[in-house]
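The values are calculated or read from the model by the stated rules, or taken from the named source; none is laboratory data. Predicted model only: the values in this text are computed from it and were never measured. Note that each Cβ is placed from the backbone with ideal geometry, even for glycine, and that neighbours are counted across all protein chains shown. Only protein heavy atoms, including side chains, enter the accessible area calculation; ligands, DNA and RNA are left aside. Shrake-Rupley method; radii C 1.70, N 1.55, O 1.52, S 1.80 Å.
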Amino acid sequence: MITIPHKAKQFGVFLIKLLIVSAAFYFIWEHLANNDKLDWVKFKNLASQKFSFLGILFLLAFSFANRFLEILKWQNLVSFIKPISIGESTKQVLGALTAGIFTPNGLGEYAGKALYFDKKKTKQIIFLNLVCNGIQMILTVAFGTIGLFIIGYWKWALAIICVSCFLLLASFLSKDIRIKGYSIQKLIHKINEIPKRIHQKNNLLAVCRYLVFSHQYYFLFLAFDVDLPYLTMMSSIAAVYFLASSLPSFQFLDFAVKGSMAVFFFGKLGVNEWIIVFISTLMWFLNVVLPVMIGSYYVLKFKPKWE
(Lines give C-alpha, C1' and ligand atoms only; values in the text may rest on other atoms or scores of the structure.)
Protein backbone atom coordinates (compact mmCIF):
# COMPACT_ATOMS: atom_id res chain seq x y z
CA MET A 1 0.00 0.00 0.00
CA ILE A 2 1.38 3.42 -1.00
CA THR A 3 1.55 5.92 1.85
CA ILE A 4 1.32 9.65 1.22
CA PRO A 5 3.85 11.76 3.16
CA HIS A 6 2.37 13.95 5.90
CA LYS A 7 3.66 17.15 4.27
CA ALA A 8 2.08 16.15 0.96
CA LYS A 9 -1.25 15.59 2.73
CA GLN A 10 -1.02 19.00 4.39
CA PHE A 11 -0.26 20.66 1.06
CA GLY A 12 -3.15 18.83 -0.62
CA VAL A 13 -5.58 19.93 2.10
CA PHE A 14 -4.31 23.52 1.81
CA LEU A 15 -4.93 23.48 -1.96
CA ILE A 16 -8.47 22.15 -1.44
CA LYS A 17 -9.24 24.85 1.14
CA LEU A 18 -7.78 27.54 -1.12
CA LEU A 19 -9.83 26.22 -4.05
CA ILE A 20 -13.06 26.32 -1.99
CA VAL A 21 -12.45 29.90 -0.84
CA SER A 22 -11.31 31.08 -4.30
CA ALA A 23 -14.31 29.48 -5.99
CA ALA A 24 -16.69 31.03 -3.46
CA PHE A 25 -15.32 34.53 -4.04
CA TYR A 26 -15.21 34.02 -7.82
CA PHE A 27 -18.88 33.06 -7.96
CA ILE A 28 -19.82 36.01 -5.76
CA TRP A 29 -17.86 38.50 -7.87
CA GLU A 30 -19.06 37.01 -11.16
CA HIS A 31 -22.72 37.40 -10.29
CA LEU A 32 -22.39 40.86 -8.80
CA ALA A 33 -20.17 42.39 -11.48
CA ASN A 34 -21.87 40.86 -14.52
CA ASN A 35 -25.54 41.21 -13.59
CA ASP A 36 -26.95 43.48 -16.32
CA LYS A 37 -30.08 44.17 -14.23
CA LEU A 38 -28.05 46.03 -11.61
CA ASP A 39 -27.49 49.72 -12.32
CA TRP A 40 -24.82 50.47 -9.73
CA VAL A 41 -24.78 54.21 -10.41
CA LYS A 42 -28.52 54.46 -9.80
CA PHE A 43 -28.22 52.28 -6.70
CA LYS A 44 -25.32 54.36 -5.30
CA ASN A 45 -27.27 57.59 -5.75
CA LEU A 46 -30.42 56.21 -4.17
CA ALA A 47 -28.55 54.49 -1.33
CA SER A 48 -26.74 57.72 -0.44
CA GLN A 49 -30.14 59.41 -0.12
CA LYS A 50 -31.97 56.66 1.77
CA PHE A 51 -29.38 54.98 3.98
CA SER A 52 -27.85 56.60 7.04
CA PHE A 53 -25.12 55.13 9.22
CA LEU A 54 -27.75 54.06 11.76
CA GLY A 55 -29.89 52.61 8.99
CA ILE A 56 -27.00 50.47 7.77
CA LEU A 57 -26.30 49.28 11.33
CA PHE A 58 -30.00 48.47 11.68
CA LEU A 59 -29.93 46.23 8.58
CA LEU A 60 -26.64 44.63 9.61
CA ALA A 61 -28.17 43.82 13.00
CA PHE A 62 -30.78 41.72 11.20
CA SER A 63 -28.04 39.86 9.29
CA PHE A 64 -26.15 39.23 12.51
CA ALA A 65 -29.32 38.01 14.26
CA ASN A 66 -30.17 35.76 11.30
CA ARG A 67 -26.85 33.90 11.40
CA PHE A 68 -26.54 33.99 15.17
CA LEU A 69 -29.93 32.26 15.51
CA GLU A 70 -28.71 29.62 13.04
CA ILE A 71 -25.55 29.20 15.14
CA LEU A 72 -27.66 28.76 18.28
CA LYS A 73 -29.86 26.25 16.46
CA TRP A 74 -26.84 24.16 15.49
CA GLN A 75 -25.30 24.39 18.98
CA ASN A 76 -28.62 23.24 20.44
CA LEU A 77 -28.99 20.26 18.08
CA VAL A 78 -25.37 19.12 18.37
CA SER A 79 -25.77 19.04 22.15
CA PHE A 80 -27.64 15.77 21.50
CA ILE A 81 -24.23 14.28 20.63
CA LYS A 82 -21.88 16.47 22.65
CA PRO A 83 -21.91 20.05 23.98
CA ILE A 84 -20.07 22.64 21.87
CA SER A 85 -19.39 26.32 22.50
CA ILE A 86 -20.93 29.18 20.52
CA GLY A 87 -17.48 29.79 19.03
CA GLU A 88 -17.23 26.20 17.82
CA SER A 89 -20.78 26.32 16.46
CA THR A 90 -19.95 29.58 14.64
CA LYS A 91 -16.91 27.96 13.04
CA GLN A 92 -18.90 24.95 11.87
CA VAL A 93 -21.92 26.90 10.56
CA LEU A 94 -19.98 29.59 8.67
CA GLY A 95 -17.30 27.20 7.42
CA ALA A 96 -19.95 24.81 6.11
CA LEU A 97 -21.87 27.72 4.51
CA THR A 98 -18.74 28.67 2.56
CA ALA A 99 -18.14 25.08 1.48
CA GLY A 100 -21.76 24.75 0.33
CA ILE A 101 -22.10 28.00 -1.60
CA PHE A 102 -21.56 26.38 -5.00
CA THR A 103 -23.35 23.08 -4.34
CA PRO A 104 -27.04 22.47 -5.23
CA ASN A 105 -29.34 23.70 -2.43
CA GLY A 106 -26.35 24.04 -0.10
CA LEU A 107 -25.78 20.26 0.10
CA GLY A 108 -22.09 20.94 0.71
CA GLU A 109 -23.05 22.21 4.16
CA TYR A 110 -23.85 18.65 5.22
CA ALA A 111 -20.36 17.44 4.34
CA GLY A 112 -18.78 20.63 5.66
CA LYS A 113 -20.22 20.21 9.15
CA ALA A 114 -19.46 16.49 9.21
CA LEU A 115 -15.74 17.19 8.68
CA TYR A 116 -15.56 18.79 12.13
CA PHE A 117 -16.49 15.49 13.78
CA ASP A 118 -15.16 11.92 13.88
CA LYS A 119 -16.03 9.81 10.85
CA LYS A 120 -18.16 7.49 12.96
CA LYS A 121 -20.48 10.43 13.73
CA THR A 122 -20.92 11.49 10.09
CA LYS A 123 -24.42 10.01 9.73
CA GLN A 124 -25.56 11.60 12.98
CA ILE A 125 -24.28 15.03 11.91
CA ILE A 126 -25.95 14.75 8.51
CA PHE A 127 -29.18 13.74 10.24
CA LEU A 128 -29.00 16.67 12.71
CA ASN A 129 -28.36 19.06 9.82
CA LEU A 130 -31.42 17.61 8.10
CA VAL A 131 -33.47 18.35 11.25
CA CYS A 132 -31.94 21.84 11.45
CA ASN A 133 -32.85 22.69 7.84
CA GLY A 134 -36.08 20.70 7.89
CA ILE A 135 -37.87 22.83 10.48
CA GLN A 136 -36.87 25.97 8.57
CA MET A 137 -38.34 24.49 5.39
CA ILE A 138 -41.58 23.49 7.17
CA LEU A 139 -41.99 27.07 8.41
CA THR A 140 -41.25 28.42 4.92
CA VAL A 141 -43.95 26.16 3.42
CA ALA A 142 -46.49 26.99 6.15
CA PHE A 143 -46.02 30.78 6.03
CA GLY A 144 -45.68 30.72 2.25
CA THR A 145 -48.97 28.87 1.82
CA ILE A 146 -50.75 31.31 4.13
CA GLY A 147 -49.15 34.17 2.22
CA LEU A 148 -50.43 32.83 -1.10
CA PHE A 149 -53.97 32.68 0.33
CA ILE A 150 -53.80 36.26 1.60
CA ILE A 151 -52.53 37.81 -1.64
CA GLY A 152 -55.13 35.97 -3.72
CA TYR A 153 -53.26 32.97 -5.14
CA TRP A 154 -55.59 30.57 -3.34
CA LYS A 155 -55.57 28.01 -6.17
CA TRP A 156 -51.79 27.69 -5.80
CA ALA A 157 -52.17 27.39 -2.04
CA LEU A 158 -54.85 24.69 -2.33
CA ALA A 159 -52.71 22.76 -4.82
CA ILE A 160 -49.75 22.91 -2.42
CA ILE A 161 -51.90 21.71 0.50
CA CYS A 162 -53.28 18.82 -1.59
CA VAL A 163 -49.81 17.76 -2.75
CA SER A 164 -48.43 18.01 0.80
CA CYS A 165 -51.26 15.90 2.20
CA PHE A 166 -50.78 13.31 -0.54
CA LEU A 167 -47.04 13.09 0.12
CA LEU A 168 -47.58 12.78 3.88
CA LEU A 169 -50.16 10.04 3.38
CA ALA A 170 -47.92 8.19 0.92
CA SER A 171 -45.00 8.50 3.33
CA PHE A 172 -46.88 6.95 6.22
CA LEU A 173 -48.35 4.17 4.07
CA SER A 174 -45.01 3.18 2.54
CA LYS A 175 -42.00 2.10 4.54
CA ASP A 176 -39.78 1.99 1.45
CA ILE A 177 -39.70 5.74 0.74
CA ARG A 178 -36.31 7.09 1.75
CA ILE A 179 -35.00 10.60 2.45
CA LYS A 180 -31.21 10.91 2.31
CA GLY A 181 -30.86 7.18 3.06
CA TYR A 182 -33.44 7.07 5.87
CA SER A 183 -36.78 5.29 5.60
CA ILE A 184 -39.74 7.35 6.82
CA GLN A 185 -40.29 5.02 9.77
CA LYS A 186 -36.62 5.14 10.79
CA LEU A 187 -36.53 8.90 10.30
CA ILE A 188 -39.49 9.43 12.66
CA HIS A 189 -37.92 7.06 15.20
CA LYS A 190 -34.61 8.95 15.12
CA ILE A 191 -36.38 12.31 15.41
CA ASN A 192 -38.19 11.03 18.50
CA GLU A 193 -34.86 10.02 20.03
CA ILE A 194 -33.92 13.69 20.31
CA PRO A 195 -35.17 15.12 23.63
CA LYS A 196 -38.28 17.32 23.46
CA ARG A 197 -36.49 20.26 25.04
CA ILE A 198 -34.02 20.29 22.12
CA HIS A 199 -36.88 20.13 19.59
CA GLN A 200 -38.77 22.91 21.37
CA LYS A 201 -35.73 25.19 21.43
CA ASN A 202 -34.97 24.36 17.79
CA ASN A 203 -38.54 25.24 16.77
CA LEU A 204 -38.49 28.51 18.70
CA LEU A 205 -35.15 29.57 17.20
CA ALA A 206 -36.38 28.62 13.71
CA VAL A 207 -39.50 30.80 14.10
CA CYS A 208 -37.37 33.72 15.34
CA ARG A 209 -34.98 33.30 12.42
CA TYR A 210 -37.83 33.29 9.91
CA LEU A 211 -39.27 36.47 11.41
CA VAL A 212 -35.83 38.13 11.36
CA PHE A 213 -34.96 37.61 7.69
CA SER A 214 -38.52 38.21 6.45
CA HIS A 215 -38.69 41.52 8.32
CA GLN A 216 -35.26 42.51 7.06
CA TYR A 217 -36.72 42.12 3.57
CA TYR A 218 -39.72 44.20 4.67
CA PHE A 219 -37.60 47.06 6.06
CA LEU A 220 -35.51 47.16 2.89
CA PHE A 221 -38.68 47.73 0.88
CA LEU A 222 -39.63 50.53 3.26
CA ALA A 223 -36.16 52.05 2.83
CA PHE A 224 -36.75 52.19 -0.92
CA ASP A 225 -40.12 53.95 -0.40
CA VAL A 226 -42.28 50.96 -1.32
CA ASP A 227 -45.62 51.87 0.23
CA LEU A 228 -47.75 48.74 0.58
CA PRO A 229 -49.89 47.41 3.47
CA TYR A 230 -47.89 45.41 6.01
CA LEU A 231 -49.94 42.22 5.54
CA THR A 232 -49.67 42.38 1.74
CA MET A 233 -45.91 42.95 1.93
CA MET A 234 -45.22 40.16 4.43
CA SER A 235 -47.51 37.73 2.58
CA SER A 236 -45.70 38.44 -0.70
CA ILE A 237 -42.31 37.97 1.00
CA ALA A 238 -43.50 34.65 2.46
CA ALA A 239 -44.67 33.51 -1.00
CA VAL A 240 -41.34 34.53 -2.56
CA TYR A 241 -39.30 32.59 0.00
CA PHE A 242 -41.52 29.55 -0.25
CA LEU A 243 -41.55 29.24 -4.04
CA ALA A 244 -37.85 30.15 -4.37
CA SER A 245 -36.91 27.52 -1.75
CA SER A 246 -38.88 24.91 -3.68
CA LEU A 247 -36.65 25.28 -6.74
CA PRO A 248 -33.26 23.54 -7.05
CA SER A 249 -30.59 26.22 -6.88
CA PHE A 250 -27.11 27.15 -5.67
CA GLN A 251 -26.37 29.54 -2.79
CA PHE A 252 -24.44 31.85 -5.11
CA LEU A 253 -27.53 32.05 -7.37
CA ASP A 254 -29.91 32.53 -4.45
CA PHE A 255 -30.48 36.23 -5.17
CA ALA A 256 -31.31 35.48 -8.82
CA VAL A 257 -33.94 32.86 -7.93
CA LYS A 258 -35.53 34.90 -5.15
CA GLY A 259 -35.20 38.03 -7.30
CA SER A 260 -37.15 36.42 -10.13
CA MET A 261 -39.91 35.34 -7.77
CA ALA A 262 -39.95 38.77 -6.13
CA VAL A 263 -40.25 40.47 -9.52
CA PHE A 264 -43.26 38.27 -10.30
CA PHE A 265 -45.15 38.98 -7.06
CA PHE A 266 -44.10 42.56 -6.31
CA GLY A 267 -44.21 43.54 -9.98
CA LYS A 268 -47.94 42.81 -9.94
CA LEU A 269 -48.21 45.17 -6.97
CA GLY A 270 -46.67 48.02 -8.96
CA VAL A 271 -43.11 47.95 -7.52
CA ASN A 272 -40.33 48.92 -9.95
CA GLU A 273 -38.38 45.90 -11.18
CA TRP A 274 -34.92 47.36 -10.58
CA ILE A 275 -35.82 48.14 -6.93
CA ILE A 276 -36.96 44.54 -6.45
CA VAL A 277 -33.73 43.21 -8.00
CA PHE A 278 -31.58 45.49 -5.84
CA ILE A 279 -33.38 44.50 -2.65
CA SER A 280 -33.04 40.79 -3.48
CA THR A 281 -29.34 41.31 -4.21
CA LEU A 282 -28.85 43.23 -0.96
CA MET A 283 -30.56 40.44 0.99
CA TRP A 284 -28.20 37.94 -0.63
CA PHE A 285 -25.18 40.13 0.08
CA LEU A 286 -26.13 40.73 3.71
CA ASN A 287 -27.11 37.15 4.54
CA VAL A 288 -24.86 35.05 2.29
CA VAL A 289 -21.87 37.04 1.02
CA LEU A 290 -20.89 38.61 4.37
CA PRO A 291 -21.14 35.30 6.29
CA VAL A 292 -19.17 33.54 3.52
CA MET A 293 -16.39 36.12 3.87
CA ILE A 294 -16.14 35.28 7.57
CA GLY A 295 -16.58 31.57 6.85
CA SER A 296 -13.64 31.67 4.43
CA TYR A 297 -11.38 32.37 7.39
CA TYR A 298 -12.65 29.24 9.15
CA VAL A 299 -12.21 27.17 5.99
CA LEU A 300 -8.58 28.26 5.68
CA LYS A 301 -8.00 27.57 9.39
CA PHE A 302 -9.67 24.16 9.24
CA LYS A 303 -7.46 21.22 10.25
CA PRO A 304 -8.41 17.63 9.46
CA LYS A 305 -8.48 15.18 12.35
CA TRP A 306 -5.27 13.47 11.22
CA GLU A 307 -3.18 16.66 11.40
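Of the listed pairs K258/K303; K82/K186; K155/K190; K196/K301, which have alpha-carbon separations greater than 26 Å here? Over 26 Å Cα-Cα: K258/K303; K155/K190; K196/K301.
Per-residue accessible area (protein heavy atoms, 1.4 Å probe) orders S164, S85, S236 as S85, S164, S236, starting from the largest. Can you tally the net charge around Q92? Count Lys and Arg as +1, Asp and Glu as -1, for every other residue whose Cβ sits under 10 Å from the Cβ of Q92. In short, 0.
What net charge do the residues around K82 carry, taking every other residue with its C-beta under 11 Å from that of K82, with Lys and Arg at +1 and Asp and Glu at -1? My count for the surroundings of K82 gives -1. A quarter of the convex hull surface defined by the alpha-carbon atoms of segment 73-128 gives 3.5 nm² as the mean projection.
Under the Kirkwood approximation applied to all pairs of distinct alpha-carbon atoms, what is the hydrodynamic radius of segment 112-169 in Å? Could the numbers behind the result be given before it?
Details: mean 1/r = 0.0739 Å⁻¹.
It works out to 13.5 Å.
What does the net charge come to around I71 if you take all other residues with beta carbon closer than 14 Å to its beta carbon, with K and R at +1 and D and E at -1? It would help to have the intermediate numbers written out before the result.
On the way: positive: R67, K73, K91, K113, K201, R209; negative: E70, E88, E109.
Net charge in that neighbourhood comes out at +3.
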